[in-house]
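Q: Just passing along the structure, written as structure tokens.
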Amino acid sequence: MTTRPLLIAPSILAADFGHLAADLGRVLDAGADWLHLDIMDGQFVDNISFGPAIVKLVRGLTTRPLDVHLMIERADHYIPRFAEAGADSITVHVEPEAKHDVAASLRMIRERGCRAGLTLNPATPFAALEPHLPDVDLVLIMTVHPGFGGQSFRPGMMEKVRRARELRESLGADYDIEVDGGINPDTSAVSIENGANVLVAGTSVFKAADYAGAICALRGD
Ligand code: DX5
Ligand code: ZN
């Protein structure tokens with residue numbers, strides 16, 4: 001079994017948008033490995049966040065990987081703009097409500113030079129991802145229903161994390177396993193134990209007084 005590096009990806013949704021550059025500077029100085037950018041369109045999820053212009057602004061602040069999570073309808077229409085804005089990885093949803101051809105979107109992401117991620121809502125069975133696993137670089141297991149930060153982690157999703165790990169082994173596939181939603185030092189430990197190696201965290205990092213301490217705590221240091 002290959003050991004994958006453990007990566008902490010603060011979700012900028014919880015950052016201070018009045019002082020975004022300064023706040024992201026702090027979180028990068030504190031040791032964030034990636035930045036996670038949540039894109040919400042008010043259709044696929046019941047919230048609206050930000051678009052490619054903010055991704056481009058963040059791109060100008062760091063060379064560290066930008067992990068873009070598209071919670072939008074018609075991702076295929078917008079993928080080129082997020083790639084152009086500087087995304088390193090782009091993750092799309094598998095649910096039919098996302099209204100795109102999943103396989104075609106994953107191909108498009110890779111053709112644009114980005115890592116391709118696939119994700120699913122808590123209510124969606126893992127089987128929905130299975131046909132696509134050989135074609136992804138990242139499997140994101142949502143541990144809350146997407147749309148808002150600050151929700152509680154759903155431990156029942158760990159079964160999906162374990163399944164992602166088992167299938168990576170049996171298929172000889174090669175993807176990171178990422179969790180998103182309600183990640184704090186306790187739930188990160190549970191997620192790592194079950195096989196996750198990329199931890200997205202909004203509230204538990206940006207609402208902490210000490211970002212470096214919060215990031216170390218997520219790593220289990
Ligand atoms: C949820 C988003 C998450 C969210 C995580 O819709 O995909 O990335 O920002 O926030 P916390 O860590 O506060 O649950
Ligand atoms: Zn996210």
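Q: Tell me which of these H36 doesn't satisfy, since it passes every other one: (1) away from ligand 2 (no atom under 14 Å from the Cβ); (2) in contact with an Asp or Glu (Cβ under 9 Å, 6 or more places away or on another chain).
A: In the conditions (1) away from ligand 2 (no atom under 14 Å from the Cβ); (2) in contact with an Asp or Glu (Cβ under 9 Å, 6 or more places away or on another chain), H36 misses (1) alone.
Q: In region 137-155, which residues are within 18 Å of L199 (Cβ to Cβ) and out of contact with any helix residue (DSSP H, G or I) (no Cβ under 6 Å at 6 or more places or on another chain)? Spell out the reasoning first.
A: Quick first cut of region 137-155, residues within 18 Å of L199 (Cβ to Cβ) only: 137-144, 146, 149-155.
Result: D137, L138, L140, M142, V144, P146, Q151, S152, R154, P155.
Q: Just the residues that are in a helix (DSSP H, G or I) and touching a residue at least 12 places away in the same chain (Cβ under 8 Å), please, taken from region 5-20.
A: Step one: of region 5-20, the residues in a helix (DSSP H, G or I) are 12-14, 17-20.
Result: I12, L13, A14, L20.
Quick grid of which residues meet (1) among the charged types (D, E, K, R); (2) out of contact with any Pro (no Cβ under 7 Å at 6 or more places or on another chain); (3) modelled with pLDDT under 95:
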{"position": "H100", "(1), (2), (3)": "no, yes, no"}
{"position": "A104", "(1), (2), (3)": "no, yes, no"}
{"position": "N121", "(1), (2), (3)": "no, no, no"}
{"position": "T124", "(1), (2), (3)": "no, yes, no"}
{"position": "K160", "(1), (2), (3)": "yes, yes, no"}
{"position": "D176", "(1), (2), (3)": "yes, yes, no"}
{"position": "V179", "(1), (2), (3)": "no, yes, no"}
{"position": "T187", "(1), (2), (3)": "no, yes, no"}
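Q: Look at L199 and say whether it is within 16 Å of ligand 2 (Cβ to nearest atom) and either touching a Gly at 6+ places or on another chain (Cβ under 6 Å) or over 26 Å from R74 (Cβ atoms) (or both).
A: On the way: within 16 Å of ligand 2 (Cβ to nearest atom): yes; either touching a Gly at 6+ places or on another chain (Cβ under 6 Å) or over 26 Å from R74 (Cβ atoms) (or both): yes.
When the stated conditions are applied, L199 passes them.
Q: Which of the residues spanning region 154-181 are surrounded by 23 or more Cβ atoms within 10 Å (Cβ to Cβ), within 12 Å of ligand 1 (Cβ to nearest atom) and more than 19 Å from R115 (Cα to Cα)?
A: G181
Q: Could we say that D137 is touching a strand residue (DSSP E or B) at 6+ places or on another chain (Cβ under 9 Å) and farther than 13 Å from I8 by Cα here? Outline the logic, then answer.
A: Numbers: touching a strand residue (DSSP E or B) at 6+ places or on another chain (Cβ under 9 Å): yes; farther than 13 Å from I8 by Cα: yes.
So D137 fits the description; yes.
Q: How many of the residues in region 90-105 are within 28 Å of L24 (Cβ to Cβ) and either in contact with a helix residue (DSSP H, G or I) (Cβ under 8 Å, 6 or more places away or on another chain) or surrounded by fewer than 18 Cβ atoms within 10 Å (Cβ to Cβ) (or both)?
A: Step one: list which residues in region 90-105 are within 28 Å of L24 (Cβ to Cβ), which gives 90-93, 98, 105.
Retained after the next criterion (residues that are either in contact with a helix residue (DSSP H, G or I) (Cβ under 8 Å, 6 or more places away or on another chain) or surrounded by fewer than 18 Cβ atoms within 10 Å (Cβ to Cβ) (or both)): 90, 92-93, 98, 105.
Summing the residues that are within 28 Å of L24 (Cβ to Cβ) and either in contact with a helix residue (DSSP H, G or I) (Cβ under 8 Å, 6 or more places away or on another chain) or surrounded by fewer than 18 Cβ atoms within 10 Å (Cβ to Cβ) (or both) in region 90-105 gives 5.
Q: Tell me, which residue of region 182-213 that is assigned to a helix (DSSP H, G or I) and under 15 Å from W34 (Cα atoms) is farthest from ligand 1 (Cβ to nearest atom)? Spell out the reasoning first.
A: Taking region 182-213 first, the residues assigned to a helix (DSSP H, G or I) are 185-194, 203-206, 211-213.
Adding the requirement that they be under 15 Å from W34 (Cα atoms) leaves 205-206, 211-212.
Working: V205: 8, F206: 8, Y211: 14, A212: 17 Å.
Only one residue fits best here, namely A212.
Q: Restricting attention to region 39-48, report how many residues are within 22 Å of I183 (Cβ to Cβ) and either without any contact (Cβ under 8 Å) to a residue 60 or more places away in the chain or within 14 Å of ligand 2 (Cβ to nearest atom) (or both). Even if it seems obvious, please write down each step before you answer.
A: Of region 39-48, the ones within 22 Å of I183 (Cβ to Cβ) are 39-40, 44-47.
Okay, now just the ones that are also either without any contact (Cβ under 8 Å) to a residue 60 or more places away in the chain or within 14 Å of ligand 2 (Cβ to nearest atom) (or both), so 39-40, 44-45, 47.
Here the count works out to 5.
Q: Before we move on, is S191 of a type in the set (S, T, Y) and closer than 16 Å to T119 by Cβ?
A: yes
The values are calculated or read from the model by the stated rules, or taken from the named source; none is laboratory data. These numbers were taken from a predicted model, which means no experiment stands behind them. Quick reminder, even Gly has a Cβ in these numbers, built from the backbone with ideal geometry, and neighbours come from all protein chains shown.
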